[in-house]
Amino acid sequence: MKSVNVSRRRFLQSSAVTGGGLVVGFSLSGCSSTALPLPVAAAEGAWTANAFVQILPDNTVRFYTARAEMGQGVTTGLATLLGEELDVNPLDMDVRLASAHEDYNNPLFGMQGTGGSSSTRAHFLPMRQAGANTRLLILQAAASDLGVELADLSTDNGHVVLAGQRYPYGDFIESASRLTIAADAALKPADQFQYIGRESRRVDAISKSTGTAEFGLDIDIPDLHYAVVVRAPVAGAKKLTADTAAARGMPGVTDIVDVASGVAVVAESFWQATQAASKVQVEWEETALSRVDTATLRADYAAALDAGDGVEGPDEGDVQAAFATASTVREADYWAPLLSHSPMEPMNAVVRIQGEEADVWTGIQFPFAVAGLVSRMADIPSENVRFHQTYLGGGFGRRGTITHLAEAADVAKQTGKPIQLVWTREDDIRQGPFRPASLMRIKAGVDESGQLVAWDTARAGGNISPNTFRTLLPALYPWLADFLVEGVANASEMFFENFSTDESSTEGLFEDYDQPNTRVTHMTVEHGLPLTFWRAVGHSYTAFAKESMIDEIAQAAGIDEVTFRLQNTQSSPRRQNVIRIAGERMAGMTVPEGHHLGMAMHHSFSTDVAEIAEVSVENGQIRVHKVTCVVDCGQAVNPDIVRSQMEGGIIYGLTAALYGDLNLEAGAVKESNFHDYRMLRMNESPEIEVVIVDSGTEPTGVGEPGLPPIAPAVANAVFKATGQRLRSLPLKLT
Amino acid sequence: MISFTLNGETVSTDIDASTPLLWVIRDAFKLKGSKFGCGAGLCGACTMHVDGAAIKTCVTPIAAVAGKSITTIEGLGTPDDLHPLQAAWHEYAVPQCGYCQSGQIMAAAALLDANPNPSGADIDAAMSGNICRCGCYPRIKRAIQSVSENALAYDAMASAGETA
């Protein structure tokens with residue numbers, strides 16, 4: 001497990017008064033952040049303790065959250081870490097969403113990004129340290145102002161306490177702003193935690209229940225115009241001709257401009273823009289992708305697996321020799337289709353360009369990309385781009401992409417108007433970037449003692465990393481000419497095709513069990529489809545293949561699924577523990593006649609999860625009644641949010657397991673909206689019970705690890721119900 | 001000119017009569033709590049009350065609500081004066097990304113107005129027009145049940161909330 005190792009000394013401390021406030025910079029890169037102005041808005045009389053904390057004279061504690069809030073609860077989680085050491089109840093804080101600044105870099109990424117279930121593990125110590133340093137400074141200021149020793153003082157929820165008398169932190173900010181903040185104030189021992197690990201509500205629940213939380217689509221600025229793009233049905237196809245005459249005459253239409261992805265229609269309202277866009281007639285070029293159907297993908301992947309010619313991944317021992325010693329051998333192929341993320345908030349961005357400056361409002365997982373991209377599109381200096389983060393109406397990886405922002409900047413530049421560019425739901429479902437389709441092959445061998453001895457696996461499909469890199473490159477190198485961007489992107493694609501496996505393509509396919517002989521091969525097969533991270537990334541498909549095979553070979557070897565998993569995970573007591581707890585739960589369950597229990601376990605984002613699905617099959621329909629989830633994510637900072645993320649991961653994964661299927665016909669996605677790209681609804685949603693393993697070790701990922709085990713857990717239950725091994729997603733009985 | 005009641009006040013607009021109610025409320029009346037999710041009446045993010053019934057407003061032309069009474073999430077309750085369902089949403093930590101929750105709460109409020117003691121199946125039936133991609137369904141259900149279990153208090157608070 002990769003540990004978060006951020007030296008306390010690498011926090012940069014600098015106190016500064018801005019607009020009556022004090023700022024303490026906080027840099028995890030070890031570099032000075034003086035090149036950029038501190039990003040926290042000045043407030044009259046406020047003390048800005050660091051990039052995260054500002055205390056106002058009325059004792060309001062403002063918390064600027066560095067990670068994007070897309071529902072995963074990171075705002076509450078980070079406020080909890082800060083509040084634990086600052087001694088302020090997170091629910092009493094005034095929570096703000098941080099702008100873009102290097103002080104807000106993700107310590108695990110070295111840039112300002114949110115993803116990979118990284119936020120809590122990345123910030124567990126740094127956020128607490130920021131809180132502890134700030135609290136110490138307030139105590140020093142209070143000791144000075146009150147003329148007492150530091151040892152005479154304590155704190156209690158935003159107040160300094162002296163001999164039973166409570167003084168708001170706000171009383172001491174004037175003095176605090178003149179002191180130098182400590183770098184390494186002592187952190188609390190875990191047994192003194194009052195917020196971490198305790199049941200608590202969310203800091204954003206009230207705004208999100210009253211319609212007052214602001215999402216990108218809610219941004220409203222003077223003279224805002226709305227853009228919708230008429231897009232190629234086949235990804236990447238260029239337009240040959242466009243007839244925009246009818247659209248130009250539609251109510252509210254002000255501009256129609258060419259953009260890289262098609263024709264942008266600009267109107268005074270989004271509704272008018274969509275009405276006019278439907279009148280635009282475009283003839284698109286035919287591309288290689290125009291000849292691709294879903295069946296083509298699968299056939300091409302199968303041919304690549306059969307040819308056996310791929311890039312070698314991890315290779316340990318000698319799988320061929322080991323199969324000769326195995327008493328039970330099984331081999332099977334597993335299919336996972338293209339998927340759309342479909343966050344509830346369609347993709348959108350607001351860009352306003354005024355002379356050499358620009359403002360951007362959008363909810364985005366990668367704020368680091370905003371300035372470079374808008375600089376490139378609008379031909380203005382990066383440092384003149386101001387970014388305003390909003391809440392994200394769902395992320396799931398989709399909001400780590402920036403095409404919509406490039407389009408918004410392009411249209412704003414061309415029209416000279418402030419633009420909100422919106423992707424319709426149809427755009428969202430049809431245009432990608434998609435979760436790649438995959439065909440995975442696993443051959444496994446077990447010896448007489450029940451020991452897994454060999455695991456030979458291969459995956460064929462497109463690669464996520466170079467595809468995502470391609471979309472981010474224009475932002476990373478705003479000064480690089482388009483043809484060079486294209487060249488670098490192509491080189492990275494070639495690299496993963498010929499020289500190295502993309503970790504995202506095979507992660508989770510082979511790591512979780514103790515077999516001494518392992519071979520992993522990757523066959524890159526690209527058809528020109530835009531691909532990117534989708535919740536749990538590679539694990540979203542590899543867990544299905546791996547855990548289906550584990551179940552199948554255990555059954556073939558005549559060993560029950562719990563014993564087999566325990567026997568073959570002896571190198572990981574933590575993994576064994578979640579299997580054991582899930583197994584005990586399963587043994588204790590009494591289910592109605594016709595209901596069956598299936599199990600799966602998967603390790604992802606440093607977290608171990610085992611799930612039990614209670615399933616029935618009625619008239620050929622798979623119905624999931626209950627899911628029991630056992631998770632070891634280290635120290636649960638907010639246990640209720642851990643539960644909600646497991647619930648959410650399970651339901652997102654169950655939607656994919658039962659319904660998720662994007663199909664290509666002549667290169668175009670057939671599905672278009674929620675009537676044919678079906679989502680799990682409340683009446684289909686199972687009861688979910690989450691068991692969190694009590695742990696004092698450092699936190700690990702939570703946003704994604706609940707998802708991977710659900711599809712195989714359901715498939716394994718369906719086998720018990722019907723005797724059919726379903727090896728294609730979505731799960732359908734024949 | 002089309003007139004209707006919006007959160008208790010009579011309003012009028014000369015916007016094109018075919019414009020969906022959702023966009024009139026968001027663009028002309030600047031109430032941004034009701035959301036655009038699909039534009040086809042399939043997800044429920046745009047749900048408002050029209051004469052007390054939960055309606056998908058992204059496919060409801062403004063002409064269809066002339067003379068009717070519209071309640072949006074902003075009219076149901078405010079952060080300082082929460083509707084019991086909104087309080088339950090906080091209590092049960094229902095929202096994740098939060099984008100669909102205005103629609104969820106409006107659908108739930110219409111259900112409880114019509115049926116203060118819904119069964120689990122009643123809740124499923126009333127709520128299955130509203131999609132939540134974050135998977136908040138178990139908590140939405142629990143929150144609705146918590147309010148319905150205290151139906152008398154709900155009635156008193158809801159009527160106060162509706163007229164506030």
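Coordinate-derived values only; no laboratory data. Here the structure is a predicted model, which means the values were calculated and not measured. Reconstructed Cβ throughout: ideal geometry from the backbone, glycine too, with neighbour counts over all protein chains shown.
Things to note:
- Simple point charges give the picture: +1 on the Cβ of Lys and Arg, -1 on the Cβ of Asp and Glu, and for the range B:2-75 a dipole about the Cα centre of about 240 debye.
- Spin-label model, A:Q621/B:T10: points 7 Å from Cα along the beta carbon direction are separated by 4.9 nm.
- Magnitude of the charge dipole, the protein assembly as shown, Cβ model with Lys/Arg +1 and Asp/Glu -1, debye to 20: 280 debye
- Antiparallel bridge percentage (DSSP; both residues within the protein assembly as shown; nearest 5): 75 percent
- Qualifying GluC sites (Glu not before Pro) in the range A:501-602, DSSP loop, other Cβ atoms within 10 Å at most 12: A:E593
- Distance between the 7 Å Cα→Cβ label points at A:E584 and A:T241: 7.4 nm.
- Size of electric dipole in the range B:77-163: Cβ of Lys, Arg +1 and of Asp, Glu -1, about Cα centre, debye, nearest 20: 420 debye
- Which of A:Q567, A:T294, A:F63, positive extreme of dipole for the protein assembly as shown (C-beta unit charges): A:T294
- Simple spin-label estimate for A:L480 and A:A41 gives 3.6 nm between the two label positions (7 Å along the Cα-to-Cβ direction from each Cα).
- Between the range A:302-365 and the range A:46-62, the alpha-carbon center distance in angstrom: 42 Å
- Prolate/oblate/rounded label for the range B:77-163 (Cα gyration tensor, a/c 1.5): oblate
- Length-normalised contact order for chain A - Cα pairs under 8 Å, 6+ apart - percent: 13 percent
- Calculated from backbone phi, Karplus (6.51, -1.76, 1.60) coupling profile of the range A:204-220 in Hz, x at Gly/Pro: 10, 6, 6, 5, 7, 9, 10, x, 9, 5, 9, 9, x, 5, 8, 5, 9
- Pairwise FRET efficiency - A:D220 versus B:A40, Cβ, R0 = 22 Å, nearest 0.05: 0.40
- Computed 3J(HN,Hα) for the range A:381-387, one whole-Hz value per residue from the Karplus formula 6.51 cos²θ - 1.76 cosθ + 1.60 where θ = phi - 60°, is x, 4, 5, 9, 9, 9, 10, glycine and proline marked x.
- Chain A: C-alpha gyration tensor shape, a/c 1.5 cut-off, then a/b vs b/c: oblate
- Loop sites in the range A:333-432: GluC sites (Glu not before Pro), DSSP, at most 11 other Cβ within 10 Å: A:E356
- Take the Cβ atoms of A:A303 and B:A121, set R0 to 56 Å, and the FRET efficiency comes out at 0.70.
- For A:G703, residues with placed amide H under 5 Å, excluding near neighbours: none
- Global geometry of chain B, whether rounded, prolate or oblate, following the gyration tensor of its Cα atoms and the 1.5 cut on a/c: prolate
- FRET efficiency for the A:F495 to A:V693 pair, using the beta carbon distance and R₀ = 35 Å, is estimated at 0.35.
- Centre separation in Å (Cα based) which lies between the range B:30-91 and the range A:544-587: 47 Å
- Partners for B:K35 among lysines (Cα-Cα distance below 30 Å; same-chain residues under 8 apart left out): A:K208, A:K279, A:K413, A:K417, A:K670, B:K56, B:K68, B:K141
- For the range A:577-587, putting each phi into the Karplus relation 6.51 cos²θ - 1.76 cosθ + 1.60 with θ = phi - 60° gives couplings of 5, 5, 5, 4, 5, 4, x, 5, 4, 4, 5 Hz, in residue order, rounded to whole numbers and with x for Gly and Pro.
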